[in-house]
Each structure stands twice: as C-alpha cells, then as structure tokens.
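Engineer: I am attaching a structure below and will ask some questions about it afterwards.
Each reported figure results from applying straightforward, stated rules to the coordinates on display, with no laboratory input. Since we're looking at a predicted model, the values are computed, not measured. Positions of Cβ are backbone-derived with ideal geometry, glycine not excepted, and every protein chain shown enters the neighbour counts.
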Amino acid sequence: MAIKLISPQKRYEKDIFAYKREMLEFEPGGGLHGCGSLEKYETFEEWRHHHDSYRDRNKIDPKSGYVEGSQWLLVDETRERVLGMVNIRHYLNERLSADGGHIGYSVRPSERRRGYGKLQLKLALGILYELGVSQALVTCDDDNPGSYKTIEACGGIIENSINIPGESGPIRRYWINTDPTQNERIRQ
C-alpha cells in the first residue's frame, strides 16, 4: 500500500516541516493537532527526542501531564509526502479523559477532502486495538464538522459535549470500538 502510517523518519524531515508551515499558515495561532508539539521544534532531532520521551510510561514524569504514546505520519510513499499526523495516547489521564482522548490527528490542508482523515483514524484505531485498548475516546471542537463527521464515519458514538475552561467553545466527546470486526458502523 502506498499510503500508510509510519513512525516519523528522518527522510521525511523536509516535508514534516513543510507540513508544519502549511498548517500554521492555514490556521495562524491554531494548534497542530496530532503533531506531537511539532510547533515547538525547529529540527527533526529535537522533535523526535520529544516524542521519544513519552514512548515508555516508566520514564514519564507524572507531573508532566504526558502519558505513554506514539507519534505517526500518514504518508504517500509514492509521492514521498506527509498527508497527515496522528498522536496516539496508549491510556488516558484525567485531562485526556475530558479533552484530548486517545487520538489526536490532523490532515495537511492541501490534502483535505480526499478521505485521508478517515483512513488515518481507522489505522490509528487498529494500533490501539493491537495495544489492548477496546474503546477509544476521540474529541473534537463542536464547530469542526470535518472532524466530527470523520469520527462519526469511523463509528464514533457521541457521549456528550462539554465546555473546558480556556477552550473557545464546546468539545464533542466520542467513543469508538477499536475492534474492526465489531465496528459495523464504519462507512466506506
């Protein structure tokens, strides 16, 4: 398959930072969802060191707010292009249980409306299933129809919509069964 999730690799460094620029130009001041704090780093090595620091739960400072997780790139290997980014949290802490959930993701603005968000979310759900997580919490802003339609297309069942102090508006909270054989609601 030419389009797949891979761990960040140095060979994609230029395109990772082109992705960052494109995201920041598209949404000035906005967060780079699912990008493992890429906005804070200027080099691949610094960014890689950051997300490597939370790959092992035994090495994470509990006061940091981080949980064990993994960073992924959705790439088109044929074009050597980063299409999206996914940050998978292997379990939830109190903050992630309210806002953030198990999966944070984004799709490069110039690659949107091509089904990559849905593909990326399905692949991320598969990774969580392999990790033993049966139900994934996925959240999005209430005013982001692209994201909540993607979540619903992947079987997301809304639990509620909540207001979080410091957020600009309500956050939708969805639960998705990660077992692909049990999730009949995933639409093609």
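Engineer: Could you compute Rg(Cα) / (2.2 N^0.38 Å) for the stretch 3-177, with N its residue count?
Structural biologist: Output field value: 0.97.
Engineer: Using helices alone, what [θ] at 222 nm do you get for the chain, with -39,500 (n - 2.57) per DSSP H run of 4 or more residues, divided over all residues and rounded to the nearest 500?
Structural biologist: -8000 deg cm²/dmol, from helical runs alone.
Engineer: Moving to a separate point now. Determine which lysines satisfy two conditions relative to Lys122: a Cα distance under 27 Å, and not lying fewer than 8 residues away in the same chain.
Structural biologist: Lys4, Lys10, Lys14, Lys20, Lys149
Engineer: Another one. Sort Leu92, Leu83, Leu121 so that the residue with the fewest other Cβ atoms within 10 Å of its own Cβ comes first and the one with the most comes last.
Structural biologist: Arranged by neighbour count, lowest to highest, Leu92, Leu83, Leu121 become Leu92, Leu83, Leu121.
Engineer: List the residues whose amide H sits under 5 Å from the amide H of Ser106, counting only those 5 or more places along or on another chain, with H placed 1.01 Å from N in the peptide plane.
Structural biologist: HN-HN under 5 Å from Ser106: Met85.
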